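Here is the structure we will look at.
The values are calculated or read from the model by the stated rules, or taken from the named source; none is laboratory data. Please read these numbers as outputs of a predicted model, since none were measured by experiment. For neighbour counting, all protein chains shown are included, and Cβ atoms are generated from backbone atoms with ideal geometry for every residue, glycine included.
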Amino acid sequence: MKIGIVTGGGDCPGLNAVIRAVAKTAAKRGWETLGIIGGYQGLLEPQNVRVLDYKALDGLLVRGGTILGTANRGPFSAKTGHGETRQLPKELMDATKQGMEQLGIKALVSVGGDGSLTIAQQMHEAGIPIVGVPKTIDNDLAATTVTFGFDSAVACATDALDRLHTTAESHNRVMVLEVMGRYAGWIALYAGMAGGADVILIPEIPFRYESICAAIQERESKGKTFTLVVAAEGAKPAGGDFVTSGTQHLNREARLGGIGTVVAREIEQRTGKETRAMVLGHLQRGGSPTYMDRVLCTLFGAKAVELITEGRFGRMVAHNGKFVDSVTLAEAIGHLRTVPTDEGFVRAARALGISLGD
Ligand code: F6P
């Protein structure tokens with residue numbers, strides 16, 4: 001028995017730990033695992049794969065990125081915008097099946113976010129034996145209570161806030177940290193809480209500059225001469241839109257970035273307080289996974305192989321809050337897990353006096 005594993009979409013800490021867990025669990029059953037290089041494209045002519053034997057797995061538990069490489073554009077792009085998907089052509093599916101047959105791959109593990117899992121679902125419908133493993137630092141897939149990569153991203157953002165805290169305090173400045181989070185503000189919220197932010201801006205709650213400035217002025221009135229603001233890249237002013245950066249590529253979602261700088265400029269103009277912005281960007285996606293993510297990746301990888309063993313294709317590994325289970329890919333895709341705006345974290349944040357900018 002030979003299985004394949006492919007990583008798709010943006011990278012994130014823990015991809016290699018999943019690869020390791022899948023290949024080790026498969027090896028225990030006497031199966032061989034082939035890693036598909038550069039996303040699904042590696043299955044097409046000229047095929048690009050590598051054997052994931054024990055030697056190839058050395059050091060993978062802690063290594064960032066993906067040793068298989070990844071792709072979030074090209075013929076296998078299924079997401080073209082928020083909620084917009086495209087159907088991959090039949091010829092591409094046929095070529096994929098043919099590639100798998102040539103390589104002797106009997107089942108595929110697809111590790112990715114909503115885009116890669118949408119492709120996986122289409123492959124399942126086309127008769128390809130496939131299971132999914134949910135990945136995204138944004139933690140925004142509704143079908144699983146947690147995705148791997150999120151904890152590592154939050155750890156990185158929290159560390160950044162801790163560092164900004166001391167420099168903000170020294171210079172009596174407002175510091176605005178922009179973190180990732182396209183449609184969901186989980187990273188901003190968790191890191192903001194862990195790092196003691198005073199203002200947290202998330203995509204789910206449109207903000208008003210008057211509110212942000214009022215929060216800063218209230219702090220000033222209490223003798224707090226610096227303020228920490230965290231903004232998710234997808235945060236937007238009431239009635240306004242996302243701030244985008246870079247050029248828009250065909251069949252890809254708009255590249256976000258820049259809201260932190262916009263917010264910082266407005267704060268400085270309106271309050272007269274010296275304000276600096278910092279975009280954390282891809283630092284959040286790089287480096288070693290945290291211990292939480294290493295464990296989650298290991299559980300997810302083992303579960304993916306279990307699904308293949310049971311012939312339960314078209315499913316995605318998912319955490320149900322208590323243990324690792326699975327759901328159908330059809331149920332999983334296209335459903336975002338955004339931050340509830342009137343319960344849990346948001347309520348606690350408000351109770352503490354953290355401004356959500358509204
Ligand atoms: O989906 C994960 C994510 O990190 C988003 O938060 C962000 O908008 C996007 O990926 C950035 O992607 P890229 O690496 O293509 O710039």
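If you check GLY9, GLY38 for being within 16 Å of the ligand (Cβ to nearest atom), in the same structural domain as CYS297 (by TED's automatic domain parsing), over 24 Å from VAL295 (Cα atoms) and assigned to a loop (DSSP other than H, G, I, E, B), only one passes: GLY38.
Among the basic types (Lys, Arg) and surrounded by fewer than 20 Cβ atoms within 10 Å (Cβ to Cβ): does that describe LYS222? Spelling it out, LYS222 is indeed among the basic types (Lys, Arg) and surrounded by fewer than 20 Cβ atoms within 10 Å (Cβ to Cβ).
Restricting to the stretch 261-292, name every residue that is assigned to a helix (DSSP H, G or I) and within 15 Å of the ligand (Cβ to nearest atom). Hits for the stretch 261-292 are GLY281, HIS282, LEU283, GLN284, ARG285. No other residue among THR167, THR118 is part of a helix (DSSP H, G or I) and either more than 29 Å from VAL305 (Cα to Cα) or without any contact (Cβ under 8 Å) to a residue 60 or more places away in the chain (or both) apart from THR167.
Search the stretch 75-89 for residues being in a loop (DSSP other than H, G, I, E, B) and in contact (Cβ under 8 Å) with a residue 40 or more places away in the chain, and hand back the single one that is farthest from the ligand (Cβ to nearest atom). Among those that are in a loop (DSSP other than H, G, I, E, B) and in contact (Cβ under 8 Å) with a residue 40 or more places away in the chain, it is ARG86. Taken residue by residue, the stretch 15-36 has no member that is at pLDDT below 95, within 27 Å of GLY127 (Cβ to Cβ) and not aromatic (Phe, Trp, Tyr). Among the criteria (1) acidic (Asp, Glu); (2) more than 18 Å from SER326 (Cβ to Cβ); (3) more than 14 Å from the ligand (Cβ to nearest atom), the one GLU125 does not fulfil is (2). Within the option set GLY239, GLY258, GLY196, being over 15 Å from GLN284 (Cβ atoms), within 16 Å of the ligand (Cβ to nearest atom) and surrounded by fewer than 20 Cβ atoms within 10 Å (Cβ to Cβ) holds for one residue only, GLY258. Is the stretch 303-310 home to any residue that is more than 16 Å from the ligand (Cβ to nearest atom), in a loop (DSSP other than H, G, I, E, B), in contact (Cβ under 8 Å) with a residue 60 or more places away in the chain and farther than 28 Å from ALA197 by Cα? No, because not a single residue in the stretch 303-310 is more than 16 Å from the ligand (Cβ to nearest atom), in a loop (DSSP other than H, G, I, E, B), in contact (Cβ under 8 Å) with a residue 60 or more places away in the chain and farther than 28 Å from ALA197 by Cα. Against the criterion of being away from the ligand (no atom under 12 Å from the Cβ), in contact with a helix residue (DSSP H, G or I) (Cβ under 6 Å, 6 or more places away or on another chain) and part of a helix (DSSP H, G or I), ILE216 qualifies.
Candidates ARG294, ARG350, ARG265: the one that is in contact with a helix residue (DSSP H, G or I) (Cβ under 9 Å, 6 or more places away or on another chain) and of a type in the set (Lys, Arg) is ARG294. Of all positions in the stretch 183-198, none carries a residue that is under 17 Å from PRO289 (Cα atoms), of a type in the set (D, E, K, R) and modelled with pLDDT of 95 or more. All of (1) out of contact with any strand residue (DSSP E or B) (no Cβ under 6 Å at 6 or more places or on another chain); (2) part of a loop (DSSP other than H, G, I, E, B); (3) under 18 Å from GLY8 (Cβ atoms) hold for GLY99 with one exception: (2). The condition of being more than 29 Å from ALA184 (Cβ to Cβ) and of a type in the set (Gly, Ala, Ser) holds for only one of ALA27, ALA78, that being ALA27. You will find that of ALA71, ALA160, the residue that is within 16 Å of the ligand (Cβ to nearest atom) and within 16 Å of the chain's Cα centre (by Cα) is ALA71 and no other.
Just name the residue that is nearest to ILE205 (Cα to Cα) out of those in the stretch 295-321 that are in contact with a Ser or Thr (Cβ under 9 Å, 6 or more places away or on another chain) and charged (D, E, K, R). Top of the filtered list is ARG315.
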